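Have a look at the structure below, then the notes.
The values are calculated or read from the model by the stated rules, or taken from the named source; none is laboratory data. Not measured: the values here are computed from a predicted model. Note that we place each Cβ from the backbone using ideal geometry, even for glycine, and neighbour counts take in every protein chain shown.
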């Protein structure tokens, strides 16, 4: 009889222990891990980093790949002029990069703001040093880039650059003389 009571007591305690363990295990399994926070600006930042890399490498293809290939692409240039259309921007970059070497570009104050899921703007300060046409140049200023998600890629659809001290001796390219921003 005592053996039966002791056996029941052992079984009861084992059952309580098993139920307790299962309750704790079930609670741990049932807990959802907190979802990783996705940085919505990550794709824009990666696209911008590729642009900066292309500028430093004086690589026309890498730089132009950052822009949407569109007739509506709009660039407000350092000299107060505007260039409209990917083909015009591409021609200007090719002409300018043919004379540039030893480029360094420092970016500070980078800020990215999302404008919904498919648009964003990026602002920053920049300092660029390079040799242009065999002569050393230093320039600095501020820039705003408007990005649009095109397929899976973030592309620049508008750039506005404001230099601190524009070089009045730099030539104005033909597309910069004739194009005005669309109304």
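Observations on the structure shown:
- Matching option when the condition is farther than 17 Å from residue 144 by Cβ and in contact with a strand residue (DSSP E or B) (Cβ under 9 Å, 6 or more places away or on another chain), among 59, 87, 106: 106
- Tally of residues being more than 23 Å from the chain's Cα centre (by Cα), in contact (Cβ under 8 Å) with a residue 24 or more places away in the chain and outside any strand (DSSP E or B) across the stretch 98-121: 1
- Residue within the stretch 59-77 that is part of a loop (DSSP other than H, G, I, E, B) and at pLDDT below 95 present: yes
- Residue within the stretch 139-147 that is part of a helix (DSSP H, G or I), in contact with a strand residue (DSSP E or B) (Cβ under 8 Å, 6 or more places away or on another chain), surrounded by 16 or more Cβ atoms within 10 Å (Cβ to Cβ) and modelled with pLDDT under 95 present: no
- Matching residues, the stretch 37-69, being surrounded by 15 or more Cβ atoms within 10 Å (Cβ to Cβ) and over 18 Å from residue 126 (Cβ atoms): 41, 43, 60, 64, 65, 68
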